[in-house]
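Comments concern the structure below.
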Amino acid sequence: MIPIAKPYLTEEEAQAAYDTILTGWITQGPRVKEFEEKFAAYTGSKYAVAVSNCTTALHLSMIVAGIKSGDEVICPSMSYIATANAITYVGATPVFAEVRSDYNLDPADVEGKITSRTKAILLVHQIGMPADIDAFRLLAEKYNLKLIEDAACAAGSEYKGQKIGSHSTLVCFSFHPRKVISTGDGGMITTDREDYYNRLQLFRQHGMSVNDRLRHDSKTIMFEDHLEIGYNYRMTDIQAAVGIKQLEKLDWIVKERRKIAARYFDAFKDLDFIQLPFENKDSFSNYQSFSIYLTKSSTVNRNTLMQMLLDKGIATRRGIMNTHRETAYKDVTGDVELPISEDLQDNSILLPLYVIMSEEDISKVIAIVLSILTKSQLAVACGSVDSNLV
Ligand SMILES: *Cc1c(COP(=O)(O)O)cnc(C)c1O
């Protein structure tokens, strides 16, 4: 069986976790601090704050950006549901905007959805492909909105030659195993604002005025106060130790992922019934996922293709979900019209792509996808339509 994804974890990560456990300091402590400093340096941002996952990173970002009940935040519906959930957690309303065929938000549609209640734009770099950040920066300036980036999938991706994490005041990353580097679960927020940095640290640890490490190192007794009603959104030192090792490998992992993506591009580029992902001139993708879209001229439908691949031992996933179609959002957003998002969800499929994928497995995926798709096109062209295929 060829899986859709696999985290790239080695003896090194295992040893780092082992060593950390034996130090006796296992929750947020010196390893978390080190991981934050290294992540900030890597992305070129001033500060980084580690948290339990990207969903909590997004929640805290909403809080420090001052998003409240009654506010509207514009985001894509076509994203993992956590994007919209973070907005809902603070009592605000997600307003879903349309995406373009590169799976990222359409600035023109976003502008059309700005109202007097709009307080922020929550941009998503979908499947690791950087969105056009500058277009949204301009909108944010013009309408006095906060710009927050959901970069859950985008560690190691670049926009205009700089790493994602350096462009906006709040950028949120995920280290879930389905992303490019992993700490089991885990998240990070990068920011260039000291006031945000301080408040993020406060809110991730119960609103406590003194963190454990400070108290531990202090030569005089220290008592904490709880300044705000915060959360327990800490990352553990065990996770951070793994994260430090993963971060050292990130550029190499992205390079290897791009090599596999290049193989897919090369194999599928001449087929006019599938649309391949594309990098805009300012974007450099980590290819967190490789998505192909079946156009109207494809004679195989998406589900049939997925089932046929599964029968041959190749796992795939359907296109990115549309949050407005989920039961949980039926009453939140009411009727929304997002034909491009829905079409991309219904007709896209994600192919296996991971760093330890063997040459043999890459070739197998390519050969089987090609054989299913081209055989069907031929069959239809010759009039001998196989009803299993269509
Ligand atoms: C994975 C993902 C999240 C959630 O990340 P967690 O670390 O699992 O909380 C949020 N947004 C997007 C776009 C994602 O892909």
(request) Grab the DSSP H runs of the chain that are 4 residues or longer, score each as -39,500 (n - 2.57), total them, divide by all residues and round the 222 nm result to the nearest 500 deg cm²/dmol. (result) -12500 deg cm²/dmol
(request) Please list, in chain and number order, the residues 5+ apart from Thr93 or on another chain whose amide H is under 5 Å from its amide H, with Hs placed from the backbone. (result) Gly70, Asp71, Glu72, Val73
(message) Using each residue's phi in the stretch 181-194, evaluate 6.51 cos²θ - 1.76 cosθ + 1.60 at θ = phi - 60° and report the 3J(HN,Hα) Karplus result to the nearest Hz, with x for Gly and Pro.
(response) 10, 9, 10, x, 10, x, x, 8, 10, 9, 8, 9, 9, 5
(message) Can you give me the Rg/Rh ratio for the stretch 123-254, using Cα atoms for both radii and the Kirkwood formula for Rh?
(response) 1.03
(message) Going by average Cβ density within 10 Å per residue, which order do the peptides 150-156, 314-320, 162-168 take, highest to lowest?
(response) 150-156, 162-168, 314-320
(request) Would you mind getting the accessible area per residue of the stretch 11-249, heavy atoms of the protein chains only, 1.4 Å probe, in Å²? (result) 39 Å²
(message) Based on alpha-carbon centroids, what's the gap between the stretch 23-88 and the stretch 231-293 in Å, whole number please?
(response) 20 Å
(request) For Lys6, go through the lysines and keep the ones whose alpha-carbon is under 25 Å away, minus same-chain ones fewer than eight residues off. (result) Lys38, Lys163, Lys179, Lys245, Lys249, Lys255, Lys259, Lys312, Lys364
(request) May I ask you to list the residues of the stretch 31-52 whose amide nitrogen lies under 18 Å from a point 7 Å from Cα along the Cα→beta-carbon direction of Glu228? (result) 47-52
(message) Using the crude model of +1 on Lys and Arg Cβ and -1 on Asp and Glu Cβ, and no other charge, please compute the dipole size for the chain relative to its Cα centre, in debye to 20.
(response) 220 debye
(request) Quick one: among Ile63, Ile127, Ile221, which has the greatest mean-square fluctuation in a GNM of the chain with alpha-carbon springs under 10 angstrom? (result) Ile221
(request) Leaving out ligands and nucleic acids, note down the accessible area per residue over the stretch 254-381 with a 1.4 angstrom probe, in whole Å². (result) 47 Å²
(message) Amide H of Asp106 versus every other amide H placed in the peptide plane: which residues, excluding those fewer than 5 positions away on the same chain, fall under 5 Å?
(response) Glu98, Val99, Arg100
(request) Kindly write out, for the stretch 260-273 in residue order, the coupling ³J(HN,Hα) from the Karplus curve 6.51 cos²θ - 1.76 cosθ + 1.60 (θ = phi - 60°), rounded to whole Hz, with x marking Gly and Pro. (result) 5, 4, 4, 5, 5, 4, 4, 6, 10, 5, 8, 8, 7, 9
(message) I need the phi-derived Karplus couplings for the stretch 145-156: 6.51 cos²θ - 1.76 cosθ + 1.60, θ = phi - 60°, integer Hz, Gly and Pro marked x.
(response) 10, 7, 10, 10, 10, 8, 9, 3, 9, 10, 4, x
(request) Among Ala108, Thr316, Phe136, pick out the residue whose Cα is farthest towards the positive end of the charge dipole of the chain, where Lys and Arg carry +1 and Asp and Glu carry -1 on C-beta, about the Cα centre. (result) Thr316
(request) Could you check how much of the accessible area of the stretch 254-381 is carbon and sulfur, as a whole percent, using a 1.4 Å probe? (result) 52 percent
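The values are calculated or read from the model by the stated rules, or taken from the named source; none is laboratory data. All values reported here derive from a predicted model rather than from experimental measurement. No Cβ is skipped: glycine too gets one built from the backbone with ideal geometry, and neighbour counts run over all protein chains shown. Heads up: the accessible areas ignore ligands, DNA and RNA and are worked out on the full protein's heavy atoms, side chains in. Shrake-Rupley method; radii C 1.70, N 1.55, O 1.52, S 1.80 Å.
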